[in-house]
Amino acid sequence: MKTYAKVINTLLLFFFISACGYHFSGQGNPFSEDIKTIAIPVFSNQTGEAGFENYLTNQLVYEFTSRKRLRVIDIKDADVVLKGKIRSINLPDISFSGGYLGLERKAVVTVEAVLERRDGSVLWQNKDIIREEVYKVESSPLTTESNKQAALHKIAADLAEMIHMRIFEDF
């Protein structure tokens with residue numbers, strides 16, 4: 001009989017929680033019903049790091065496609081457009097050997113993003129989205145460049161996730 005009462009109490013608790021509007025963070029679409037699609041054109045790149053705009057844009061498309069809250073489509077048919085620019089990429093040395101040679105660098109990327117309706121009205125924007133990643137400086141310049149690219153790829157993925165999260169969580 002006690003087991004039966006526990007099951008009933010658990011079911012009642014579940015129904016009370018679901019009835020009071022409780023839901024997990026990040027579920028649903030905070031936009032009006034008319035917003036179902038998004039376009040993500042290539043972000044502009046104001047830095048000397050050629051190609052990073054492609055990494056970031058591809059990661060944003062992946063993030064929005066995999067999360068399935070808004071369908072990613074061509075810009076001419078989209079309800080909203082996510083535009084942005086890569087404002088800076090800094091690569092300072094952060095640790096040194098006894099001979100003042102850099103052992104590690106930190107890639108620091110600053111991005112600006114804005115989500116607009118087709119009429120140009122702004123739904124969301126953030127002018128200072130910053131992400132950083134440390135990478136090793138090796139004796140081989142090719143290996144150092146490979147480490148830097150890996151760090152930039154990680155930053156692009158993290159920025160895409162952050163932008164998606166902030167768009168849906170900041171409302």
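Bear in mind that the values in this text are calculations on the coordinates, not laboratory data. None of these values were measured; they are calculated from a predicted model. Please note: Cβ atoms are built from the backbone with ideal geometry, for glycine as well, and neighbour counts cover all protein chains shown.
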Please go through the residue pairs LYS106/LYS148; LYS85/LYS148; LYS83/LYS154 and name each one whose alpha carbons sit more than 18 Å apart in this structure.
LYS85/LYS148; LYS83/LYS154
Fewest-first ranking of PHE168, PHE52, using other Cβ atoms within 10 Å as the exposure measure
PHE168, PHE52
Could you list which residues have their amide H under 5 Å from that of VAL72, counting only those 5 or more apart in sequence or on another chain, with H placed in the peptide plane?
ILE38
Given points 7 Å out from each Cα along the Cα-Cβ axis, report the ASP119 to SER146 separation in nanometres with one decimal.
5.3 nm
GLU63 neighbourhood, Cβ < 12 Å, K/R = +1, D/E = -1, net charge +2
Label-point gap, in nm, between ILE130 and GLN46 - each point 7 angstrom along Cα→Cβ
1.5 nm
Checked region 29-169 with the C-alpha gyration tensor, a ≥ b ≥ c its square-rooted eigenvalues, rounded below a/c of 1.5, otherwise prolate if a/b is larger than b/c and oblate if not; verdict prolate
